[in-house]
Amino acid sequence: MAYDADAIVIGGGLAGLAATAELAEAGRRVILLDQEPEQALGGQAHWSFGGLFFVDSPEQRRLRIRDSHRLAWQDWLGTAAFDRPEDHWPRRWAESYVDFAAGEKRAWLHRMGVRFFPVVGWAERGGYDANGHGNSVPRFHITWGTGPGLVEPFERRVRAGVARGRVELRFRHRVTGLKRTAGAVDTVTGEVLAPSTAQRGTASSREAVGTFELRAQAVIVASGGIGGNHELVRANWPERLGTPPEKMLSGVPAHVDGLMLGVAEDAGGRIINRDRMWHYTEGIENWNPIWARHGIRILPGPSSLWLDATGRRLPVPLFPGFDTLGTLDHIMRTGHGYTWFVLSRKIIEKEFTLSGSEQNPDLTGRSVRDVLGRARHGAPGPVQAFMDHGADFVIEREPAALARRMNELTGDDLIDADALHGEIAARDREIRNPYTKDLQVTAVHGARRYLGDRLIRVAAPHRLLDPAAGPLIAVRLNILTRKSLGGLETDLSARVLTEDGSPLPGVYAAGEAAGFGGGGVHGYRSLEGTFLGGCLFSGRTAGRAAARALG
Ligand SMILES: Cc1cc2nc3c(=O)[nH]c(=O)nc-3n(C[C@H](O)[C@H](O)[C@H](O)COP(=O)(O)OP(=O)(O)OC[C@H]3O[C@@H](n4cnc5c(N)ncnc54)[C@H](O)[C@@H]3O)c2cc1C
């Protein structure tokens, strides 16, 4: 039987686009399949904030950040905490990825026209010792144009392949099977779904109007993770984090359904580290949702007081933006699925960034004028919209009124007004104290030694009860599903491996489906900005390796 193409790529997200571009530029014929309609091309990356992990970049150096490969590797290891036999390939991928991030990554993107916001963000600050979790220095580089700005050059390269007759895009093709001929996987089967005008991000129908069967020598699985499928998230929820929360918001569209992973597994691929996931603890209900249960993650500065559902402060070092997984672990032990930020107007104005391209129209639209406008008095427009319409926001002048409204919002009656007042007043006393025993206050002072934080990210320390900084704001924070850190185990050529460690002939995997490389390059935790880059690196690797193997 003849082949329909040299390679078939399953999934038109960032990883699939990167793989397809490499194959086409190597002169291969590729069919790119996606279950969604054409208007959704780019997958999750379109919605992303476009944050990228670089090591020792010109942007860092201009801000006097001294970074190095060695420091980044120390941080990666402390964060990943690899501790399983199946971490063999993930660890090898991590080594290669840190080399990439400290080496050619930025220049490679720059050559494709990608540019970066000059102020580098400091995500996952850690708070433990030098070998523990977290970024020792700021490394979160925001793409100028956010997610769409990063998708653009890869889509352009793929469309150039279409123009040259090397790439065929087939939308509304949902893969449901992989079949072998003489031991090698070379056939992709599935359903052709009814045409859809569903807007990007909204659920498209799953009505099948036909079937398909396509053959190629190489198949690249780039179908994303499981974050949009809460049943799968619950089924894979790690025992160490207790029972999954009753309420979870969705940080990804419905197409992140994880079903293709089961298809690849049925064909013989091995999935590892399923219980490692990266969900956020600062999710707020989108007042203007695009997909079901749509939640937005707050990327917080370090100053807000973080309280559990009963009003008790989270333990050190679980400050905003320090340790996502550690915070999730703690929250799951409280027996309540939500927590609170309590802060001032002054803090929200400077410290709340909302993750997502549509929540940052200034950066996404590449408008210098609008970005500079952030320095003006007042909360950024999208943050103000949440303050006005968001279901999780409570704004009051006095702690007693704030506590009453917090209780009304949840219906749980867990916040004691006097205790809340006491927590805030105690923290405020430490703000006045030039020495302080409160490590969060120390962390805020430390952050402001970094120019980027002082300029746009961390409010000058002040008392929350200072009327000039008010009103007081409480934000209910929900668990928000996002990334799968485990996935199909792959070797350094992105070949999918089987249970016995040998390659599954003909099959490669990239992006979130491959745990961003190896089946779990992040280990347990991420340094952030590592996902998009992981898609690019593993997609590029898979595309190049498949092109080479085709001879
Ligand atoms: C709001 C938001 C903000 C983010 N911000 C950042 C950030 O700042 N930095 C960062 O590093 N990461 C960020 N991320 C994460 C990052 O965007 C994703 O991890 C990454 O884009 C995943 O890409 P992917 O190609 O692996 O998968 P996806 O983008 O999920 O693409 C997979 C594609 O495969 C298709 N597909 C699935 N199953 C099938 C099937 N059976 N048949 C055919 N097609 C199928 C899907 O329709 C989809 O188009 C963010 C994500 C979101 C949602």
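Scanning the range 162-180 for residues that are in contact with a helix residue (DSSP H, G or I) (Cβ under 6 Å, 6 or more places away or on another chain), outside any loop (DSSP other than H, G, I, E, B) and away from the ligand (no atom under 14 Å from the Cβ) yields a single hit, Val167. Counting only strands (runs of 3 or more DSSP E) that sit wholly inside the range 195-300, those with at least 3 residues that are in contact (Cβ under 8 Å) with a residue 24 or more places away in the chain and hydrophobic (A, V, I, L, M, F, W, C) are 208-221, 277-285, 295-300. List pairs: first residue in the range 44-57 and more than 7 Å from the ligand (Cβ to nearest atom), second residue acidic (Asp, Glu) anywhere in the structure, Cβ distance under 6 angstrom, at least six positions apart or on different chains. Between residues of the range 44-57 that are more than 7 Å from the ligand (Cβ to nearest atom) and residues that are acidic (Asp, Glu), the close pairs are Val55/Asp67; Asp56/Asp67. Within the range 444-453, is there a residue that is in the same structural domain as Arg313 (by TED's automatic domain parsing), touching a strand residue (DSSP E or B) at 6+ places or on another chain (Cβ under 8 Å) and either surrounded by 12 or more Cβ atoms within 10 Å (Cβ to Cβ) or under 19 Å from Leu307 (Cα atoms) (or both)? The answer is yes, given that some residue of the range 444-453 is in the same structural domain as Arg313 (by TED's automatic domain parsing), touching a strand residue (DSSP E or B) at 6+ places or on another chain (Cβ under 8 Å) and either surrounded by 12 or more Cβ atoms within 10 Å (Cβ to Cβ) or under 19 Å from Leu307 (Cα atoms) (or both).
What is the number of the single condition among (1) at positive phi; (2) not in a loop (DSSP other than H, G, I, E, B) that Gly321 does not meet? Single failed check for Gly321: (2). Among the residues of the range 256-309 satisfying the criterion of being within 22 Å of the chain's Cα centre (by Cα) and acidic (Asp, Glu), which is farthest from Ser502 (Cα to Cα)? So the residue we want is Glu285. Criterion applied to Asp67, Asp99 was being touching a residue at least 12 places away in the same chain (Cβ under 8 Å), more than 14 Å from the ligand (Cβ to nearest atom) and farther than 27 Å from Phe154 by Cα, and the one residue passing it is Asp67. Across the range 1-25, the qualifying residues are those that are within 6 Å of the ligand (Cβ to nearest atom) and closer than 8 Å to Gly539 by Cβ, and the one among them that is surrounded by the fewest Cβ atoms within 10 Å (Cβ to Cβ) is Leu14.
In summary, helices (runs of 4 or more DSSP H) completely within the range 340-382 and bearing 1 or more residues that are in contact with a strand residue (DSSP E or B) (Cβ under 6 Å, 6 or more places away or on another chain) occur at 345-351. Wholly within the range 461-539, which strands (runs of 3 or more DSSP E) include no fewer than the required count, namely at least 2 residues that are under 30 Å from Val394 (Cβ atoms)? In the range 461-539, 472-484 are the strands (runs of 3 or more DSSP E) which contain 2 or more residues that are under 30 Å from Val394 (Cβ atoms).
I'd like the full set of residues that are more than 8 Å from the ligand (Cβ to nearest atom) and touching an Asp or Glu at 6+ places or on another chain (Cβ under 8 Å), limited to the range 246-267. Leu249 - this is the single residue of the range 246-267 that is more than 8 Å from the ligand (Cβ to nearest atom) and touching an Asp or Glu at 6+ places or on another chain (Cβ under 8 Å). Being over 20 Å from the mean Cα position of the chain (by Cα), at pLDDT 95 or above and at negative phi is true of Val9.
Residues that are in contact (Cβ under 8 Å) with a residue 40 or more places away in the chain and of a type outside the set (Lys, Arg) do occur in the range 372-379, at least one of them. One residue stands out among those in the range 454-489 that are within 16 Å of the ligand (Cβ to nearest atom) and small (Gly, Ala, Ser): the one that is surrounded by the fewest Cβ atoms within 10 Å (Cβ to Cβ), which is Gly486. Go through the residues of the range 443-450 one by one and say whether even a single one is within 22 Å of Gly127 (Cβ to Cβ), more than 25 Å from the chain's Cα centre (by Cα) and assigned to a helix (DSSP H, G or I). Checked the range 443-450: at least one residue is within 22 Å of Gly127 (Cβ to Cβ), more than 25 Å from the chain's Cα centre (by Cα) and assigned to a helix (DSSP H, G or I).
The values are calculated or read from the model by the stated rules, or taken from the named source; none is laboratory data. A quick note: this is a predicted structure, and the numbers were derived from the prediction, not measured. Cβ coordinates were reconstructed from backbone atoms using ideal geometry, including for glycine residues, and neighbour counts include every protein chain displayed.
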